[in-house]
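What follows is a short report on a single structure.
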Amino acid sequence: MKPLGDIRVIAIEQYGAGPFGSVHLADLGAEVIKIEDPASGGDVGRYVPPYQQGEDSLFFEVFNRNKRSISLDLTTPDGRAVFEDLVRVSDVVYSNLRGDVPAKIGITYDQLKHLNPRIVCCALTGFGMTGPRATEPGYDYVLQGIAGWMDITGEPSGPPTKSGLSLVDYSGGLVAAISILAGVHAARRDGIGTDCDVSLFDTAVSMLTYPAIWNLNGDFEPTRTHHSAHPSLVPFQAFQAREGWIVVACPKEKFWQRLAVAVGRPELASEERFATFADRRYNAKELLAILDEVFVSRTAEEWLDVLRAAGVPCGPVNTVSQALADEHTVARGMVVETEHPRFGTVRQVRSPVRVGTDEPDYRRAPARHEDAATVLTEVLGYDAARVGKLARGGAFGVIGEAGEARR
């Protein structure tokens, strides 16, 4: 059995943050059943361009591999009945909705525990289920601004800048996955489930980490730094070479000693003004001016050869294409393939979560309602008459050709 092969998750999820959390669980063997709203065409991620046709998109593929899908209208009595039957035989109800919505649609622990006392109800919301912003929708870019990230990102003379990736969404998904696993562990130990109130806001604020503790306990005011420099360690930043850019890091004194020798300026290491972390931070302007002049004298490739040989932490500033083609990316098997009826062979990045030595299997993301037969007959044990009655009652909405394409 795969590590999470005995866990079933009902996922009322969409877009990026929620599905990013559950895809790691699915890769580890959890049965993740996506509940998709037929009235809205299912997960909105199905319609994200540029690589999108009909209800298929590459955006959707990367967040939803190894999952099952069923269209279910939770606003109808029959749709709700199917959902409640799933709660009875599952471990987790997972959602990423606005903070006030889980209670409104009846998917909190108190509202479901009569069906299954061990159910874990994890709600990943924008701002949490309590507090003055609980009813506001939360999106990654908005949270990067509110949590102070954009104020400390970018060049000092430039505008506030977001991360190039949706890191609040992705981190929130991982926090939700950890919460789910902790909740299931406790439920199996104690026989009682719980709510997991996880939010993108809490995630983003918590990731302020050491700048936050410096600010809360001193007069440190985080600011943007030139060339993405570390806020306290020098040198630890990007440097421009004659061709290209490199990142050089000296988080230990021994690396600074090695760097000085490697760049042909061993005397720098013994200079009193650059002797310690504190000295180099205080005299950063003078030291970085020297290093800027040194690094521009050779190409990025030449400097990387020199610095690696000297044991100095360093790396190139790659494009995304270069990163995906990097020899270490290949060696670690970080690009995997699935077969898709519309897109053919789809190459995508894998989950970084590794448990044991067995490689995960990878199955393409499901078409909307594709797994209805499996969920209804194998998981819930419904017969054809029961399924037909539910369909006539509007439990599954109007599926249409897109949802039928891959049955």
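Each reported figure results from applying straightforward, stated rules to the coordinates on display, with no laboratory input. Since the model is a prediction, treat every value here as computed from it, not as a measurement. With ideal geometry, Cβ positions are generated from the backbone for all residues, glycine too; neighbour counts draw on all protein chains shown.
List of remarks:
- Angle in degrees between helix 253-262 and the longest Cα principal axis of the chain, rounded to the nearest 10: 60
- Taking Cα centre as origin and charging only the Cβ of basic (Lys, Arg, +1) and acidic (Asp, Glu, -1) residues, the dipole magnitude of region 329-376 rounds to 240 debye.
- The alpha-carbon of residue 2 sits under 30 angstrom from the alpha-carbons of these lysines, leaving out residues fewer than 8 places away in its chain: 34, 67, 113.
- Distant-in-sequence amide contacts of residue 11, defined by a placed amide H-H separation under 5 Å and a gap of 5 or more residues or a different chain, comprise 33, 34, 35, 94.
- Long-range Cα-Cα pairs in the chain (distance over 36 Å), rounded percent: 38
- Annotation: amide H-H contacts under 5 Å for residue 353 (H modelled 1.01 Å from N, sequence separation of 5 or more, or interchain): none.
- One Cα centroid belongs to region 149-228, the other to region 90-148; the line between them spans 17 Å.
- If you bin all the Cα-Cα distances of region 186-225 at 10 Å, starting from zero, the percentages per bin are 23, 29, 22, 17, 9, 0.
- Loop chymotrypsin sites (Phe, Trp or Tyr not before Pro), region 1-100, which have at most 14 other Cβ atoms in a 10 Å radius of their Cβ (DSSP): 51
- Volume per residue for region 227-317 equals 77 cubic angstrom (convex hull of Cα atoms).
- The chain: angle of helix 77-88 to the longest principal axis, Cα-based, in degrees nearest 10: 60
- Between residue 337 and residue 207, residue separation times 0.36 nm minus the direct Cα-Cα distance comes to 43.6 nm.
- From phi via Karplus (6.51, -1.76, 1.60), per-residue ³J(HN,Hα) for region 135-149 in Hz, x at Gly/Pro: 8, 8, x, x, 10, 3, 4, 5, 5, 4, x, 4, 7, x, 4
- Acute angle (nearest 10 degrees) that the helix 167-190 long axis makes with the longest principal axis of the chain, alpha-carbon atoms: 60
- Per-residue HN-Hα couplings for region 199-215 [Karplus 6.51, -1.76, 1.60; θ = phi - 60°; Hz; x = Gly/Pro]: 9, 5, 4, 4, 4, 5, 5, 5, 7, 5, 5, 5, x, 5, 5, 5, 6
- Relative contact order, percent, region 126-243 [alpha-carbon distance under 8 Å, six or more residues apart]: 28
- Those Cys residues of the chain for which no other cysteine Cβ falls under 4.7 Å: 121, 250, 314
- Per-residue ³J(HN,Hα) for region 223-236, Karplus 6.51 cos²θ - 1.76 cosθ + 1.60, θ = phi - 60°, Hz, x for Gly and Pro: 9, 5, 10, 5, 6, 6, 5, 4, x, 9, 9, 9, x, 7
- Reported to the nearest whole Å, the Cα centre-to-centre distance from region 275-295 to region 321-343 is 39.
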